[in-house]
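> A single structure is presented below for examination.
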There are 2 protein chains.
Amino acid sequence: MTFMEKLEAAWKKSGSLVCVGLDPDLAKMPDCVKGAKYPIFEFNKAIIDATADAVCCYKPQAAYYAGQDADDQLAMTIAYIKENYPEIPVILDAKRADIGATTAMYAKEAFERFQGDAVTVNPYMGMDALKPFLDHADKGVIILCRTSNPGAKEIQDIKLENGEEMFMHVARLASTTWNYNKNIALVAGATFPEQLGAIRKVTGDMPLLVPGIGAQGGDIAAVMKNGLDSNGNGLMINSSRGIIYVSKGEDFAEAAGKAAKELRDTINAYRKA
Amino acid sequence: MTFMEKLEAAWKKSGSLVCVGLDPDLAKMPDCVKGAKYPIFEFNKAIIDATADAVCCYKPQAAYYAGQDADDQLAMTIAYIKENYPEIPVILDAKRADIGATTAMYAKEAFERFQGDAVTVNPYMGMDALKPFLDHADKGVIILCRTSNPGAKEIQDIKLENGEEMFMHVARLASTTWNYNKNIALVAGATFPEQLGAIRKVTGDMPLLVPGIGAQGGDIAAVMKNGLDSNGNGLMINSSRGIIYVSKGEDFAEAAGKAAKELRDTINAYRKA
């Protein structure tokens, strides 16, 4: 099953557009897991078990594992999802890109070493820097288009000679020549719903990964109005801090499960409306 | 000592503009190191000892370690340089960038876990996505500007509304508002020497990391004509495959040493001319 098929099936089965970001920061984790041999893995495992019936995908953020010397716990986390919830796709959020021979090594990292179903990548170096990812037709390649951070405007909103912004140029490339294996999705931040709407218009039913709700302030109503595809799906709406750090007590997983379900329901209320 | 001071001192002491790229691919390594417990580290160690008197910096490429589950050997490699050649700066080539809280984790990866003196980063997400790197005033932050790969033209050469290309827009931001700690350098590929010259014109004496000679076909004469700073330095001219894989025999390190010295001398002949 390809990433795209797996995502479609997960949308259908879960009835949820929620993506839970697994961004475990030891400094923010509940005391009750801190003493474990693999605290990050134990934390993730509990979060996963509590949220699995309310999500369409998981998105571990590579930086949190790399920065805390915990690559082994990233591998353990993804293996745990594959074993226990094989129907839920896993996106390795790594924002990679380099010259071809080097990207081929990053593809090994994302798809072989860590067994991701999809990876996030950066378009600045052009298509040949993404090709070793794109050549994996069964994997998803999620390209940064309009990101959720304020500084994105310095590059992505810059107007080109043809009057279009840079992020629209990326959206067009990603929808046409770059998408030769039909395995591309795009990142479109919730914090800029008009840009998200413009991206939806040129990409048809391409899936969009939407960061920026919760801590970053994105508005769910505006995301839903601008982002749904023609089937009423098409979105992976990410929440990290808003789900995994709701409680720092022993009930942290239960609280995360509740937050994931509430987010699913809040989103779905707009879907039905 | 800051990265910039260390680089200046290394240019002076070594009389070399050569950067050796440590991109060890197990499939391409000599048989004589393959049996070692840490083959990548043993390979790097021998290359480093053979080239240290002919280089101004080393640049391990993170992807080769991540893709081959060899992060420990990356740490060992950088620690070896720090211990034995503390005067030579080490650039972790990682091309990172993400929202601020995540980039802070990447800064821990690059500067604490792996002890890099500098890191390469991607500008697509704007300045706030680089800030946790830039805030380390003592570290170098080397921003992709005009990369050496053919596909770079799809994004970086796109003309903006003001008539300038995207890479020139990045060069200007990197030379002004983004450079509040005077710790920025730029990547400018050898394969596009005119663009490299345009970057030099707007960046003054900012150091430029120049990939693309050797296997990628960049022309040293054109790089030297367009890239030197006002002191006749200003460049870190990278070679990876052209130095580390010259021989696959037991003389691989000796051959690498010879290749590094030849490259230094070829470059310096243009410097004196």
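> Would you please name the residue that is nearest to the other protein chains (Cβ to nearest Cβ), looking only at residues in segment B:171-186 that are open to solvent by 10 Å² or more (accessible area, probe 1.4 Å) and not in a loop (DSSP other than H, G, I, E, B)?
So, considering only residues that are open to solvent by 10 Å² or more (accessible area, probe 1.4 Å) and not in a loop (DSSP other than H, G, I, E, B), the one nearest to the other protein chains (Cβ to nearest Cβ) is B:LEU173.
> I'd like to check something: does segment B:77-90 contain any residue that is in contact with a Cys (Cβ under 8 Å, 6 or more places away or on another chain), surrounded by fewer than 22 Cβ atoms within 10 Å (Cβ to Cβ), among the aromatic types (Phe, Trp, Tyr) and more than 17 Å from A:ALA101 (Cβ to Cβ)?
no
> Any residue that is within 12 Å of chain B (Cβ to nearest Cβ), open to solvent by 50 Å² or more (accessible area, probe 1.4 Å), at pLDDT 95 or above and not in a helix (DSSP H, G or I) - is there at least one of those in segment A:54-75?
yes
> Among the listed residues A:ALA10, A:ALA27, A:ALA36, A:ALA52, identify the single one that is touching a residue at least 40 places away in the same chain (Cβ under 8 Å) and of a type in the set (A, V, I, L, M).
Of the residues listed, the single one that is touching a residue at least 40 places away in the same chain (Cβ under 8 Å) and of a type in the set (A, V, I, L, M) is A:ALA10.
> Looking only at segment B:199-213, how many residues end up being open to solvent by 50 Å² or more (accessible area, probe 1.4 Å) and either assigned to a strand (DSSP E or B) or touching a Gly at 6+ places or on another chain (Cβ under 7 Å) (or both)?
1
> Shifting gears a bit: Kindly provide the set of residues from segment A:9-53 that are assigned to a loop (DSSP other than H, G, I, E, B) and touching a strand residue (DSSP E or B) at 6+ places or on another chain (Cβ under 8 Å), ordered by number.
A:LEU17, A:ASP23, listed by residue number.
> I'm trying to understand the selection: among the residues of segment B:140-156, which are out of contact with any Phe, Trp or Tyr (no Cβ under 7 Å at 6 or more places or on another chain) and open to solvent by less than 40 Å² (accessible area, probe 1.4 Å)?
Residues satisfying the conditions are B:ILE142, B:ILE143, B:THR147, B:SER148, B:ASN149, B:GLY151, B:ALA152.
> Counting just the residues of segment B:113-127 that are of a type in the set (S, T, N, Q) and crowded, with 24+ Cβ neighbours inside 10 Å, which one comes out nearest to the other protein chains (Cβ to nearest Cβ)? Before the answer, list the steps.
Residues of segment B:113-127 that are of a type in the set (S, T, N, Q), as a first pass: B:115, B:120, B:122.
Narrowing further to those that are crowded, with 24+ Cβ neighbours inside 10 Å: B:120, B:122.
On the way: B:THR120: 9, B:ASN122: 5 Å.
Among them, the one singled out is B:ASN122.
> Shifting gears a bit: For segment A:95-110, enumerate the residues that are open to solvent by 10 Å² or more (accessible area, probe 1.4 Å), among the hydrophobic types (A, V, I, L, M, F, W, C) and in contact with a helix residue (DSSP H, G or I) (Cβ under 8 Å, 6 or more places away or on another chain).
The answer is A:ILE99, A:ALA104, A:MET105.
> Any idea which residue in segment B:27-41 is nearest to the chain's Cα centre (by Cα), counting only those that are over 29 Å from B:THR266 (Cβ atoms) and open to solvent by less than 70 Å² (accessible area, probe 1.4 Å)?
This residue is B:PHE41.
> Another question, then. If A:GLY212 satisfies all but one of (1) within 14 Å of chain B (Cβ to nearest Cβ); (2) over 19 Å from A:VAL119 (Cβ atoms); (3) in contact with an Asp or Glu (Cβ under 9 Å, 6 or more places away or on another chain), what's the number of the condition it fails?
Unmet condition: (3).
> Only helices (runs of 4 or more DSSP H) wholly contained in segment A:218-273 count here; list those with 2 or more residues that are free of Cβ contacts under 8 Å to residues at least 60 places away in the same chain.
Correct list: A:220-227, A:252-272.
> When segment A:128-138 is examined, which residues are found to be crowded, with 21+ Cβ neighbours inside 10 Å and touching a residue at least 40 places away in the same chain (Cβ under 8 Å)?
Within segment A:128-138, A:LEU130, A:LEU134 meet the criteria.
> Same structure again: Of all residues in segment A:100-112, how many are at the interface with chain B (Cβ under 9 Å from one of its Cβ atoms) and among the aromatic types (Phe, Trp, Tyr)?
1
> Follow-up. Hey, among A:ILE143, A:ILE199, which residue is more than 12 Å from chain B (Cβ to nearest Cβ) and more than 22 Å from B:GLU164 (Cβ to Cβ)? It would help to see each step written out before you state the result.
Values: A:ILE143 fails: more than 12 Å from chain B (Cβ to nearest Cβ).
Matching residue, one of A:ILE143, A:ILE199: A:ILE199.
> Further question on the same structure: Condition test on A:LYS6, is it modelled with pLDDT of 95 or more, in a strand (DSSP E or B) and over 18 Å from A:LYS258 (Cβ atoms)?
no
> Out of the residues in segment B:187-196 meeting the condition of being within 12 Å of another protein chain (Cβ to nearest Cβ) and free of Cβ contacts under 8 Å to residues at least 60 places away in the same chain, tell me which one is farthest from B:VAL119 (Cα to Cα).
So the residue we want is B:THR191.
Residues are listed down the side, and each one gets a yes or a no for (1) closer than 17 Å to A:ASP98 by Cβ; (2) within 20 Å of the chain's Cα centre (by Cα):
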residue: B:LYS108; (1), (2): no, yes
residue: B:GLU112; (1), (2): no, yes
residue: B:GLY126; (1), (2): no, no
residue: B:THR147; (1), (2): yes, yes
residue: B:PRO150; (1), (2): yes, yes
residue: B:ILE155; (1), (2): yes, no
residue: B:LYS159; (1), (2): no, no
residue: B:ASN162; (1), (2): no, no
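> Criterion first (loosely packed, with under 15 Cβ neighbours inside 10 Å and within 14 Å of chain A (Cβ to nearest Cβ)) does B:GLU161 satisfy it?
It is true that B:GLU161 is loosely packed, with under 15 Cβ neighbours inside 10 Å and within 14 Å of chain A (Cβ to nearest Cβ).
The values are calculated or read from the model by the stated rules, or taken from the named source; none is laboratory data. Here the structure is a predicted model, which means the values were calculated and not measured. No Cβ is skipped: glycine too gets one built from the backbone with ideal geometry, and neighbour counts run over all protein chains shown. Surface accessibility is based on the protein's heavy atoms, side chains included, excluding ligands, DNA and RNA. Shrake-Rupley method; radii C 1.70, N 1.55, O 1.52, S 1.80 Å.
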